[in-house]
Amino acid sequence: MPEAPKNSLKEKNEKALKFIESVTENADEVQKRVLSEILAANAHVEYLQRHGLNGHTDRETFKKLMPVITYDHIQPDINRIANGDTSQILCSKPISEFLTSSGTSGGERKLMPTIEEELERRSLLYSLLMPVMSQYVPELETGKGMYFLFVKSEAKTPGGLVARPVLTSYYKSSHFKQRPYDPYTNYTSPNETILCPDSYQSMYSQLLCGLCQNKEVLRVGAVFASGFIRAIRFLEKHWSILCKDIESGTLNSQITDPSVRDSVSKILKPDPKLAGFIATECGKKSWQGIITRLWPNTKYVDVIVTGTMSQYIPTLDYYSNGLPLVCTMYASSECYFGVNLNPMCKPSEVSYTLIPTMCYFEFLPVNRNNGVNSDSVSVPESLTEKEQLQLVDLVDVKLGQEYELVVTTYAGLYRYRVGDLLRVAGFKNKAPQFNFICRKNVVLSIDSDKTDEVELQNAVKNAVTHLVPFDANVGEYTSYADTSKIPGHYVLFWELSLNGTTPIPPSVFEDCCLAIEESLNSVYRQGRASDKSIGPLEIKIVEAGTFDKLMDYAISLGASINQYKTPRCVKFAPIVELLNSRVASTYFSPKCPKWVPGHKQWCKNHD
Ligand code: AMP
């Protein structure tokens, strides 16, 4: 491995930090330039013409004429592009592919148009992370990062464009695959193991390479906390075969992908001593601190634990013996947004500084009612003219205020509501730093799935049809994301109203579990059927009167009797305990729901 010249690394770090200083200091000017660049480049696209922008590139005209939108508004345009219309609908540059968001519309992944040059913007954001990190943790360039990174399946739209998740697109791009040697992107996983489409072979080979190089590893991570914990779970199941491979120096025959075999063979050498050490550690009853035991030089765990991923913090603390949990960036399929400039802070204090060159940012003020049972968010789906006028620019947000993020991107989204709620936690120069509060409307999430209340309600409605022959109904229900075991799973608490006298056989409730799963969105079903990152859905039947008790409890904590509504999802531990203490019977989904890559309407023959 070539040595990185120390000076050039120092210079590169300084350059990145200077860039952050400069764009945050001049945040408003940069934002003005970004908007005018986007509007000038796309002056002739159909969408802007439709709204009469007529070549204007200034903020005032833009804000006056362009509506603030959600995905549903542009879905017809997106569908045209997906079906092969190559005219300049949203963007003057050719749409290079669709990025499939984990947010859904009508049960299917949203399709975000992107253009080739966006890859450069994403790479730029990535290039800021380690210079920031190196201010807090020195000498990271002297070792490696063990990151569990994966590609997911991709599909083709009827018009021939590729549709895949943004990270799959990035890992398959030359920006990642042909990156020049850089000590900060020196990973234990060879590219071939990351790019292997078979999730078992990919995970196995990445863990094997990570174990073989255990002394060199200085940082470990994955994108989201759930992915990292899945890797530990995999190790729990497969350590003995991994140890055999390390002992003998030969890769077992389950790994069949030739490029994976080839790349692993360059790292895997017979090492009975290491194999013995790993077997001893993994064979111990307690797995507390397994990360620091197997990878003793690890300084931190790099995973996103903000938002719904915060549910995994206790598990990560357990496995890592309390190593710092570091959240470095905030990004989406629509656009990459920002970085955490104080990465060693506590997870509860993480704030992201939005980088003003990434897109044009606007913010819709939000008033959230913090209920006892759930956080209700009052943000209208469609905005009146008056509400549209309330949107503020990046440099005008107020400390402590919460906002919904709205972006205008180089790839052709204009005043698009991302669906994330953020709170201003401070400023870096003129640029605000935001705590990530939550994704609007999401009630349940285990991995990248995001299930909202309406989807859940529909799914329950579909399942309840199985109870009709028994003259039974679901009187009340709520839900809970159970992440105490890996993979986590959705739990529904049902209180039945029974009129019939025929007992309901367990198989009927199991059918209900499956009916709910079949009704949930494609990201959920993919997590269940393909990625196995979500476990079988569980219905817990609770005793009659349980939901009255729940209401009494909420009221005792200060909820208003008049306004009390059963929360459709519960998180507060005493409430979950109350529900669990009154469970009469439990049922699990007996099999995986159906899932096929691509959108339903593209794969009619699979249905
Ligand atoms: P996707 O479009 O599927 O990549 O999902 C993007 C969404 O993931 C964002 O809009 C956020 O809701 C969530 N997300 C991304 N980064 C973070 C982060 N650092 N903390 C919390 N949530 C995040």
Select the strands (runs of 3 or more DSSP E) contained entirely in the range 347-391, then report the ones holding at least 1 residues which are open to solvent by 10 Å² or more (accessible area, probe 1.4 Å) and at pLDDT 85 or above. 360-370
So if I check each of Gly103, Gly160, which one is out of contact with any helix residue (DSSP H, G or I) (no Cβ under 7 Å at 6 or more places or on another chain) and within 13 Å of the ligand (Cβ to nearest atom)? Gly103
For the range 320-345, how many residues meet the condition of being assigned to a helix (DSSP H, G or I) and open to solvent by 20 Å² or more (accessible area, probe 1.4 Å)? 0
Pick from Pro183, Pro94: which is away from the ligand (no atom under 16 Å from the Cβ) and surrounded by fewer than 19 Cβ atoms within 10 Å (Cβ to Cβ)? Pro94
Those residues of the range 448-481 which are more than 15 Å from Lys540 (Cβ to Cβ), open to solvent by less than 20 Å² (accessible area, probe 1.4 Å), within 16 Å of the ligand (Cβ to nearest atom) and not β-branched (Val, Ile, Thr), in sequence order: Asp449
On the given criteria, is Glu108 modelled with pLDDT of 95 or more and acidic (Asp, Glu)? no
Can you find a residue that is without any contact (Cβ under 8 Å) to a residue 40 or more places away in the chain, within 16 Å of the ligand (Cβ to nearest atom) and within 22 Å of the chain's Cα centre (by Cα) anywhere in the range 375-398? no
Condition test on Ile290, is it touching a Leu at 6+ places or on another chain (Cβ under 8 Å), within 16 Å of the ligand (Cβ to nearest atom) and either on the phi > 0 side of the Ramachandran plot or not aromatic (Phe, Trp, Tyr) (or both)? no
Select from the range 227-247 the residues that are of a type in the set (A, V, I, L, M) and surrounded by fewer than 18 Cβ atoms within 10 Å (Cβ to Cβ) and list them in ascending order. Ile241
Selection within the range 293-308 - within 12 Å of the ligand (Cβ to nearest atom), in contact with a Pro (Cβ under 9 Å, 6 or more places away or on another chain) and open to solvent by less than 10 Å² (accessible area, probe 1.4 Å): Val305
Can you list residue pairs whose Cβ atoms sit under 8 Å apart, with the first residue in the range 248-260 being closer than 17 Å to Thr188 by Cβ and open to solvent by less than 60 Å² (accessible area, probe 1.4 Å) and the second being part of a helix (DSSP H, G or I) and among the basic types (Lys, Arg)? Count only pairs 6 or more apart in sequence or on different chains. Leu251/Arg261; Ile255/Arg261
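The values are calculated or read from the model by the stated rules, or taken from the named source; none is laboratory data. Just so you know, these numbers come straight off a predicted model, no measurement behind them. When we count neighbours, we look across all protein chains shown, and the Cβ atoms used for this are built from the backbone with ideal geometry, even at glycine. Remember, those area values only see protein heavy atoms, side chains included, never the ligands or the DNA or RNA. Shrake-Rupley method; radii C 1.70, N 1.55, O 1.52, S 1.80 Å.
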